[in-house]
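What follows is a single structure, written as structure tokens, with notes after it.
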Amino acid sequence: MASIINPLKSVNLNWKITNDTVVFGAHANNYVTLQYTAGNIDAGANTNNFYVSKYSSPIWTSFTPSARTATTTTFGGTALNGTNINGEYLIGE
């Protein structure tokens, strides 16, 4: 399985999140906001259509953001907890 992100309509960055010590359960208020600059976004990409994909070998997981701006994408909620937050994240259409 591959990421749903179109590499021609994405943010040209990736984020790695590793949680080794913080214990927290699934909760509606668990959110992550990923930031980037306008210069990191592919020409023709529409930030209103962005999704988040997480790779944690060998599985890709996709998240629908709860908020999007021109330079941030926020996702989370009960889908995130202290054990499943680890991975590499991509943003794009």
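Quick notes on this one:
- Of the criteria (1) at pLDDT 90 or above; (2) open to solvent by less than 80 Å² (accessible area, probe 1.4 Å), which one Asn12 fails: (2)
- Filter pass, Gly92 being within 10 Å of the chain's Cα centre (by Cα), open to solvent by less than 30 Å² (accessible area, probe 1.4 Å) and modelled with pLDDT of 95 or more: yes
- Every residue from the stretch 27-65 that is free of Cβ contacts under 8 Å to residues at least 40 places away in the same chain and β-branched (Val, Ile, Thr): Thr37, Ile41, Thr47, Val52, Thr61, Thr64
- Listed by position, the strands (runs of 3 or more DSSP E) contained in the stretch 39-87 that have at least 1 residues being under 15 Å from Asn6 (Cα atoms) and either among the aliphatic types (A, V, I, L, M) or open to solvent by 30 Å² or more (accessible area, probe 1.4 Å) (or both) are 51-56, 59-63.
- The stretch 17-38 - residue that is open to solvent by 90 Å² or more (accessible area, probe 1.4 Å) and more than 15 Å from Leu80 (Cβ to Cβ) and, of those, nearest to the chain's Cα centre (by Cα): Gln35
The values are calculated or read from the model by the stated rules, or taken from the named source; none is laboratory data. None of the values given here were measured: they were computed from a predicted structure. Because the Cβ atoms are built from the backbone with ideal geometry, glycine has one as well, and the counts that use them run over all protein chains shown. To get the accessible areas, we keep the full protein, side chains included, count just its heavy atoms, and leave off ligands, DNA and RNA. Shrake-Rupley method; radii C 1.70, N 1.55, O 1.52, S 1.80 Å.
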